[in-house]
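Beneath this line is the structure, given in structure tokens, with notes to follow.
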């Protein structure tokens with residue numbers, strides 16, 4: 001159980017963190033905020049807690065030693081000695097500034113808060129909240145001068161729209177319970193990976209429980225399903241997800257427009273999408289066409305009672321089209337096929353005397369520089385190896401990668417424009433060799449228009 005109704009805001013400070021790459025500054029507050037106003041306090045609590053979902057727990061990690069995780073260290077100091085709150089808040093702000101190197105990262109206010117009397121999992125404990133506000137809403141303010149009312153537009157923070165947040169609960173001596181909000185994945189998820197350095201806490205039952213809960217909820221809503229069929233669906237769901245080792249997160253939408261908005265704004269990351277044809281206020285096929293227009297490339301499976309759109313589904317690169325009532329065997333086979341095709345392939349790259357394992361989907365491009373190969377990842381990290389570019393291309397073995405120059409191998413998923421050079425999503429320019437330039441650009445256009453929707457190997 002979670003209960004934050006009696007939370008006390010012990011300390012709060014606000015810094016402003018810009019994007020280091022863009023030349024924006026880091027502005028450090030010299031004093032702690034006064035948050036004792038009752039009304040302000042009420043809305044701050046809404047801002048600090050209302051956006052969080054507590055179904056996924058994270059923990060701090062580090063590739064060598066947890067003590068080397070910066071945020072873990074700073075938080076640990078605050079919990080052990082609350083008088084260090086200001087000093088450690090400055091360290092947190094500086095660390096965020098140092099990792100804010102992706103071109104899509106926006107400047108914003110950084111709130112660091114010490115919270116008392118939090119109830120989480122039926123335990124009363126302290127927590128530290130770290131929040132970043134990157135976007136502002138416009139509000140209309142009505143003023144009276146005694147004779148008439150005037151109206152003006154003001155900019156401010158919507159307490160219901162938290163851009164990035166992290167709640168760290170002091171529930172363990174060795175680590176902490178961590179929960180996050182990250183509403184923009186277009187900045188390479190730097191909040192989770194580079195700033196916090198956290199990973200999802202899992203056990204053998206986590207994924208199965210989540211999916212079964214969703215299945216049960218869906219089946220219960222279908223009044224036209226006979227009791228025996230409900231039982232069969234539940235049993236098949238249990239068997240499938242218990243025997244499948246992949247990880248799942250479930251998002252449910254009753255509105256196609258809301259789904260489209262969340263995907264377009266980067267609030268959710270989708271690897272497999274189930275859609276009905278007839279949806280509240282819209283048509284599933286129309287939503288799919290809009291998704292493909294914004295280069296949404298995840299597999300889409302239609303589950304519907306309407307057979308008339310089956311042919312049209314091929315035009316939007318649907319991975320499957322199943323008619324109600326569903327044949328659970330067909331659904332299981334289709335899921336196996338799609339998940340097998342969609343799973344991210346890992347490669348091993350030799351770095352010094354060790355091997356680093358990389359997801360090929362995370363590789364933006366590779367650049368050969370004399371005797372060193374620089375592999376550039378989407379989160380701005382660069383992995384250096386002595387392997388040859390030709391060997392890397394052979395290891396990756398994916399149609400999405402193109403050798404456009406003697407010194408460059410590019411993931412075409414990250415290309416946003418092709419002229420004399422390839423221009424990537426982070427505005428990096430990759431040269432295209434003069435000889436054969438036309439054929440290279442034509443190959444990219446062919447991939448962009450067709451193969452991109454289906455190449456998940």
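Set side by side, the residues 30, 51, 57 differ, and just one is more than 21 Å from residue 118 (Cα to Cα) and in the same structural domain as residue 108 (by TED's automatic domain parsing), which is 30.
Residue-level check: of (1) at pLDDT below 75; (2) under 28 Å from residue 311 (Cα atoms), residue 241 misses just (2).
When each of 16, 41 is tested for being modelled with pLDDT of 90 or more, surrounded by 12 or more Cβ atoms within 10 Å (Cβ to Cβ) and in the same structural domain as residue 122 (by TED's automatic domain parsing), the lone residue that passes is 16.
Can you pull out every residue in the range 358-378 that is under 21 Å from the mean Cα position of the chain (by Cα), assigned to a strand (DSSP E or B) and at pLDDT below 90? The answer is 358, 359. Scan the range 339-357 for residues that are at pLDDT below 70, in a loop (DSSP other than H, G, I, E, B) and loosely packed, with under 12 Cβ neighbours inside 10 Å and the total you get is 2. Within the range 394-420, if we keep just the residues that are over 21 Å from residue 438 (Cβ atoms) and modelled with pLDDT under 90, the residue that is surrounded by the fewest Cβ atoms within 10 Å (Cβ to Cβ) turns out to be 394. Considering 300, 287, the condition of being closer than 25 Å to residue 359 by Cα, at pLDDT 85 or above and not assigned by TED's automatic domain parsing to the domain that holds residue 413 is satisfied by 300 alone. When 76, 106, 94 are checked against the criterion of being part of a helix (DSSP H, G or I) and in contact (Cβ under 8 Å) with a residue 60 or more places away in the chain, 94 stands alone in meeting it.
Just to be sure before I move on: is residue 15 touching a residue at least 60 places away in the same chain (Cβ under 8 Å) and out of contact with any strand residue (DSSP E or B) (no Cβ under 9 Å at 6 or more places or on another chain) in the structure I sent? Give the derivation first.
On the way: touching a residue at least 60 places away in the same chain (Cβ under 8 Å): yes; out of contact with any strand residue (DSSP E or B) (no Cβ under 9 Å at 6 or more places or on another chain): no.
Judged against the criteria, residue 15 is not a match.
Quick one: would you say residue 5 is more than 21 Å from residue 82 (Cα to Cα) and out of contact with any helix residue (DSSP H, G or I) (no Cβ under 9 Å at 6 or more places or on another chain)? So residue 5 fails the test.
Quick one: how many residues across the range 392-430 are in a strand (DSSP E or B), within 15 Å of residue 377 (Cα to Cα) and out of contact with any strand residue (DSSP E or B) (no Cβ under 8 Å at 6 or more places or on another chain)? Number of matching residues: 0.
Residue count for the range 54-73, restricted to those that are outside any loop (DSSP other than H, G, I, E, B) and either touching a helix residue (DSSP H, G or I) at 6+ places or on another chain (Cβ under 7 Å) or surrounded by 14 or more Cβ atoms within 10 Å (Cβ to Cβ) (or both): 9.
The values are calculated or read from the model by the stated rules, or taken from the named source; none is laboratory data. All values reported here derive from a predicted model rather than from experimental measurement. Heads up, the Cβs are rebuilt from the backbone with ideal geometry, glycines too, and the neighbour counts pull from every protein chain shown.
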